[in-house]
Amino acid sequence: MLVLRWRFRPALVLALFAAPAFGAAPPTPPSELEKTLRKLEKDVAAVRGLAFKKPVVAHVLARREGGPPGIQGYYSTKDKALFLYDDVKGNYQRGVLIHELVHALQDQHFGLAKLHARTFGSDAELALAALVEGDATYTMIELLKKEQPAVAKMLASPLEKSRNLQNSFLYAQGARYVAALHKKGGWPAVNARYRFPPQATATVLHPEGAPTVNLGPGKSRGEYALIALLHSHPATAPESVRAAAGWRGDRVIEDGAKKAWEIAFGTPEQARYFHAALAKLRTSQGGSWKQTLREPDSIAWRSAKGALRGLLVRETTVLEIEAPDEKSYRALLDKVEGPPALTIYSARDKRTLTFGELIDRLLRADVVCVGETHDSVLHHRVQLQIIRALYARDDRLGVGMEMFQRPYQGVIDRYLAGSIGESTFLKQSEYRERWGFDWSLYRPIVEFCRRNNVPLAGLNVSKELRARVSKVGHAKLSEDEKKLIGAIDFFVKDHRAYWFDRLGKMHGPVKLPADQ
């Protein structure tokens, strides 16, 4: 929230879980397999830190001619059983059984049927699949690494050198992701991800943390899709992972024959690197497209039928635009890069307002609160649009941001005064540790304040004080701590009624006690 205030002066095991239909009932597993299975259940439970709720049923299947290649076994969420092909033997069989037993364990505790997608129609579904397969693979590695040290090499397998990119992502990169979760918080941290799954493949690719942004309406392809696109051609495969590494968000905009792909990166350098790699790919693909323009920030091609394709870089954003002619190309580019189209509705008047009417009304207030979804690029662009319009009408404007904590006001003031640079400002304000959303979202607002000498105030209390309130409650704070928070009226009936249920839902499925 912003407050504007007026100043009064390679996979070892290709084992997928699925739910196929069967005609005849599968044969009963041999007694030797049954013994192995019960022993492995104990081993898996000990390593994974979860007990099986019931024994896992296993069946052996004959490998039919023309059967599924590369699949040695699978766990069926429909049949609640493990299936193993009869030609899988020895240590390989042991690895397959461990992997699929973990899927059975996941199903018993987390319900794989509601988590598993048969096809990966979205970046989030692919990320979730990497969690599921990575969990099974990492558990298998932990269980086998003493007797089969080579199995741990999976964790060092680079994506860009893989022959099967998707399997390498699901199993090897998924295992690296789970290993990082386990190192940070043990198995409870891994289990928590089934309740709050990764929403982007970037999270799996960067376990250390990958801030993301929401660019607005349009399907997001995700970081893995960038890697897959570049990996598909020999000219760009070696640099595919590096070129995609700075991904923060993307969206595809389609309007008939007009198409735009907008991709945000963490730094200008990362954007330029991907821009160059994508340009190399498009040039290598050739076809009917002939290059007509090449400049550092802009490359253009024209097809034999007169269609236009452009590849542009704008600071931290790369744009690929394709349209049937130059006029529609310019129209789509204006739509992507221009100011957001706003519909402003007044609940009091029950009608829409013009932007000018909105600003007129805001100018009458002493304090204006502007909400946001924290990762939304469009929301922050609207915030800046409002700030600019208000400042143009009254330069007594001051801006307050909850993104900065009040103990760091001195750091903010030094940055606005020009006595420290941006990197020092971010480090000394502990922005990434205390807020964490991508800095590119807030940088334009802070820079506007800096360039125009608009005071900027950090509004949030310190995270240490928030933790203290969470632990002991407001009543048990010291008087000095209460002064840092300020006066609070807990008995505004309408305010309490409005926020009571919402506060719990905003931070997960939490039901607040009635006496709070």
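The values are calculated or read from the model by the stated rules, or taken from the named source; none is laboratory data. Remember, predicted model here, so these are calculated numbers, not experimental data. For neighbour counting, all protein chains shown are included, and Cβ atoms are generated from backbone atoms with ideal geometry for every residue, glycine included. Accessible surface is based on the protein model in full, side chains and every heavy atom, while ligands, DNA and RNA are left aside. Shrake-Rupley method; radii C 1.70, N 1.55, O 1.52, S 1.80 Å.
Points to keep in mind about this one:
- Any chance residue 123 is open to solvent by less than 10 Å² (accessible area, probe 1.4 Å) and within 23 Å of the chain's Cα centre (by Cα): no
- Those helices (runs of 4 or more DSSP H) of region 206-286 in which at least 2 residues are within 13 Å of the chain's Cα centre (by Cα) and at pLDDT 95 or above, considering only elements entirely within it, cover 223-231.
- Residues (open to solvent by less than 50 Å² (accessible area, probe 1.4 Å) and not aliphatic (A, V, I, L, M)) located in region 320-352: 320, 328, 329, 338, 340, 346
- Counting only residues that are farther than 26 Å from residue 265 by Cβ and hydrophobic (A, V, I, L, M, F, W, C), region 413-451 holds 2 of them.
- Pairs, first farther than 11 Å from residue 300 by Cβ in region 312-332, second surrounded by fewer than 15 Cβ atoms within 10 Å (Cβ to Cβ) and among the acidic types (Asp, Glu), C-beta under 7 Å, six or more apart: 313/297; 332/255
- Just so you know, in region 82-116 the residues that are in a loop (DSSP other than H, G, I, E, B) and within 30 Å of residue 65 (Cβ to Cβ) include one that is most open to solvent (accessible area, probe 1.4 Å), and it is 89.
- Unmet requirement for residue 263, which otherwise passes all of (1) touching a helix residue (DSSP H, G or I) at 6+ places or on another chain (Cβ under 8 Å); (2) open to solvent by 40 Å² or more (accessible area, probe 1.4 Å): (2)
- Test: residue 17 is open to solvent by less than 80 Å² (accessible area, probe 1.4 Å), at pLDDT 90 or above and touching a helix residue (DSSP H, G or I) at 6+ places or on another chain (Cβ under 8 Å): no
- Subset of region 372-384 (residues that are open to solvent by 50 Å² or more (accessible area, probe 1.4 Å) and either closer than 16 Å to residue 344 by Cβ or acidic (Asp, Glu) (or both)): 379, 381
- Of the residues making up region 292-319, just one is touching a Pro at 6+ places or on another chain (Cβ under 8 Å), within 20 Å of residue 269 (Cα to Cα) and surrounded by fewer than 20 Cβ atoms within 10 Å (Cβ to Cβ), namely 315.
- Number of the exception - residue 335 against (1) closer than 20 Å to residue 262 by Cα; (2) in contact with a Pro (Cβ under 8 Å, 6 or more places away or on another chain): (2)
- Matching residues, region 130-186, being of a type in the set (Val, Ile, Thr) and open to solvent by 50 Å² or more (accessible area, probe 1.4 Å): none
- Test result for residue 454, in a strand (DSSP E or B), of a type in the set (Val, Ile, Thr), in contact with a strand residue (DSSP E or B) (Cβ under 8 Å, 6 or more places away or on another chain) and open to solvent by less than 80 Å² (accessible area, probe 1.4 Å): no
- Of the residues making up region 470-483, none is open to solvent by 50 Å² or more (accessible area, probe 1.4 Å) and closer than 24 Å to residue 267 by Cβ.
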